[in-house]
1. Quick one: which residue in GLY44, GLY71, GLY22 is surrounded by fewer than 19 Cβ atoms within 10 Å (Cβ to Cβ) and of a type in the set (Gly, Ala, Ser)?
2. Hydrophobic (A, V, I, L, M, F, W, C) and touching a residue at least 40 places away in the same chain (Cβ under 8 Å) - does that describe any residue in segment 96-106?
3. Based on this model, can you work out whether VAL16 counts as closer than 16 Å to VAL128 by Cβ and out of contact with any Leu (no Cβ under 8 Å at 6 or more places or on another chain)?
4. Could you grab the pairs with beta carbons closer than 6 Å, sequence gap of 6+ or different chains, first residue in segment 8-21 and in a strand (DSSP E or B), second one surrounded by 13 or more Cβ atoms within 10 Å (Cβ to Cβ)?
5. Of the numbered conditions (1) out of contact with any strand residue (DSSP E or B) (no Cβ under 9 Å at 6 or more places or on another chain); (2) in contact (Cβ under 8 Å) with a residue 24 or more places away in the chain; (3) under 23 Å from HIS24 (Cα atoms); (4) among the hydrophobic types (A, V, I, L, M, F, W, C), VAL160 satisfies every one except a single condition; which is it?
6. Give the number of residues within segment 43-70 that are under 12 Å from ALA174 (Cα atoms) and either among the polar types (S, T, N, Q) or in a helix (DSSP H, G or I) (or both).
7. ALA61: touching a residue at least 40 places away in the same chain (Cβ under 8 Å) and in contact with a Ser or Thr (Cβ under 6 Å, 6 or more places away or on another chain), yes or no?
Amino acid sequence: MTELESFLDEHIRVIVDWPTAGVHFRDINPLLAHPLGIGNVVDGMNAALLAAALDDFDVVAGIEARGFMLGAALAAARGIGFIPVRKQGKLPGQVHAVTYDLEYGSATLELQIDAVRPGQRVLLVDDVLATGGTAGAASALLTTAGGNVVALMALLEISVLGGRSRLMDLPVLALRAV
């Protein structure tokens, strides 16, 4: 186990049966509150992207809401822009939208119509890759808008849920698999 994986294990708590029975929610708030938390995550993300030769992108897109925090910090550290992928009804102006299925219903993500330039290379960031539904929908949304999604960078991957396999050919990097 790496030093970063140990740090993540120490500062990400598991809350059992939240928000519903049987779910083991990964709470990153203690990690975010730690003075070294975000910096360690950004350093780890940059190192993982470099090691995988996936560090050539123009902009970072983060999935609401925790992907915003991590994605914006990574974008700022790299000196590039950040694009929010939001839940329905949260963005002003014209938007692209995609509706996707969840285990318990459906949800819609939106992206401002001019957020991505055609051909722009986009790194998609989220906190947790679980079933892959949200990440897949966000990737499709960015592609519809004209972007070229180069990879998904996640803080955690819950491997048993098989999200990686649902993302087809999209490269997936996670700082910690649980």
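1. Result: GLY22 is the single residue among GLY44, GLY71, GLY22 that is surrounded by fewer than 19 Cβ atoms within 10 Å (Cβ to Cβ) and of a type in the set (Gly, Ala, Ser).
2. Among the residues of segment 96-106, at least one is hydrophobic (A, V, I, L, M, F, W, C) and touching a residue at least 40 places away in the same chain (Cβ under 8 Å), which makes the answer yes.
3. Yes: the conditions hold for VAL16.
4. ARG13/ASP27; ILE15/PHE25; ILE15/ASP27
5. Just one mismatch for VAL160, condition (2).
6. 6
7. no
Here, each number is a calculation from the coordinates, and none is a lab measurement. Note that the structure is a prediction, hence the values are computed from the model and not measured. No Cβ is skipped: glycine too gets one built from the backbone with ideal geometry, and neighbour counts run over all protein chains shown.
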